Amino acid sequence: MKNSDTFQRFLFEDMGIRGELVRLDASWQAVLQRHTYPLNVSRQLGQALAAVTLLSGTIKFKGALIIQTQSRGPLHTLVVQATHRQTIRGLAHWRDPVPEGNLSEVFGEGRLVLTIQKEGEESYQGVVSLEGQCLAAALEGYFAHSEQLATRLWLFADGQRAAGLFLQALPTQTPTEEDWMRLVTLADTVTEHEMLHLPFEDLLYRLYHEEKVRLFEAEPVVFRCSCSRQRIEDTLLALGKADVEDILAEKGCVEVDCDFCNKRYQFDLVDIGVLFSEEIKSPPSSTKH
Ligand SMILES: [Zn+2]
């Protein structure tokens, strides 16, 4: 279907303002199929997935962008990831009941961590407090502190779709206050129904038919998990031989489910034996006695 799972950039060339639109449909449902979330949780998760896809579009690199909340309230864990290939995944953990409300009511006091993982480089992390009415407000706070580029986000999600709209001043050309405020005021009139259902061309026409706006090619977005047996093995090695052997003794095998995609990885006695014997064969580290 046209306009499903689409990421699309646009540009107000004369004003120095860029924009992005994202709509998640099958990819969002793939996330929802793997866990049963209460509505208040899924709404936050869908908004976060739309946000991470939008923000991954602003930085040109190979790798991934991760947005993660760290807090102690009802919705205490939320992790979303988007890669440069426009693949996304995400999950949330919560304690019932999760109330309606602002971020501190839903998440509790905490922080929002943005991690940029460039292939072959050290990760970069930015942190902002988890405050405001919604995730869009907290992310705008992040941009105000760290990037110092005027940035606004509008995020929506229901049980079928998630969508987002993003406006940002170009770093190379500062827009006038008047232009910026006009575009933001028009974007503020967008409704959830329009964001979740209107084709992007129609949406931009509805908001900005009096402005000169260039719409770029639509790019597909898909759900894909980056988990692998190798990564699970690394986790088991980090856990340590004694703990893993305890699990093995108790259950007969070690089973690890990926939380993002529900894929199950199984390790029997022989697998575990090989895994830890390989560790011994590798050169000893200076911390070993
Ligand atoms: Zn997975």
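Within segment 191-210, being touching a Lys or Arg at 6+ places or on another chain (Cβ under 8 Å) and in contact (Cβ under 8 Å) with a residue 24 or more places away in the chain holds for MET195, LEU196, HIS197, PRO199, PHE200.
When the helices (runs of 4 or more DSSP H) confined to segment 165-274 are screened for residues that are within 16 Å of the ligand (Cβ to nearest atom) and out of contact with any strand residue (DSSP E or B) (no Cβ under 8 Å at 6 or more places or on another chain), those reaching at least 2 such residues are found at 229-239. Of all residues being of a type in the set (Gly, Ala, Ser) and in a loop (DSSP other than H, G, I, E, B) in segment 103-162, which is nearest to ALA64 (Cα to Cα)? Just the residue, please. Looking at residues that are of a type in the set (Gly, Ala, Ser) and in a loop (DSSP other than H, G, I, E, B), I get SER123. Contact map, segment 71-92: first residue over 16 Å from LEU32 (Cα atoms) and in a strand (DSSP E or B), second residue among the polar types (S, T, N, Q) and more than 16 Å from the ligand (Cβ to nearest atom), Cβ cut-off under 6 Å, separation 6 or more or different chains; pairs are ALA82/THR53; ALA82/SER56. When LEU65, LEU55 are checked against the criterion of being part of a strand (DSSP E or B), out of contact with any Phe, Trp or Tyr (no Cβ under 7 Å at 6 or more places or on another chain) and crowded, with 22+ Cβ neighbours inside 10 Å, LEU65 stands alone in meeting it. Going residue by residue through segment 57-65, is there one that turns out to be within 23 Å of HIS193 (Cα to Cα) and either among the small types (Gly, Ala, Ser) or modelled with pLDDT of 95 or more (or both)? No, segment 57-65 contains no residue that is within 23 Å of HIS193 (Cα to Cα) and either among the small types (Gly, Ala, Ser) or modelled with pLDDT of 95 or more (or both). Looking at this structure, is GLU192 assigned by TED's automatic domain parsing to the domain that holds GLN117, within 21 Å of SER27 (Cα to Cα), acidic (Asp, Glu) and at pLDDT 95 or above? Yes: the conditions hold for GLU192. Whether any residue in segment 89-98 is within 16 Å of the ligand (Cβ to nearest atom) and farther than 15 Å from VAL41 by Cβ is what I want to check. Yes; the residues of segment 89-98 include at least one that is within 16 Å of the ligand (Cβ to nearest atom) and farther than 15 Å from VAL41 by Cβ.
Of the candidates SER104, SER71, the single residue that is of a type in the set (S, T, N, Q) and in contact with a Gly (Cβ under 6 Å, 6 or more places away or on another chain) is SER71.
Right, GLN81: exposed (fewer than 14 other Cβ atoms within 10 Å of the Cβ) and not charged (D, E, K, R) or not? It is false that GLN81 is exposed (fewer than 14 other Cβ atoms within 10 Å of the Cβ) and not charged (D, E, K, R).
The values are calculated or read from the model by the stated rules, or taken from the named source; none is laboratory data. Computed from a prediction, not measured in an experiment: that's the story for all the values here. When we count neighbours, we look across all protein chains shown, and the Cβ atoms used for this are built from the backbone with ideal geometry, even at glycine.
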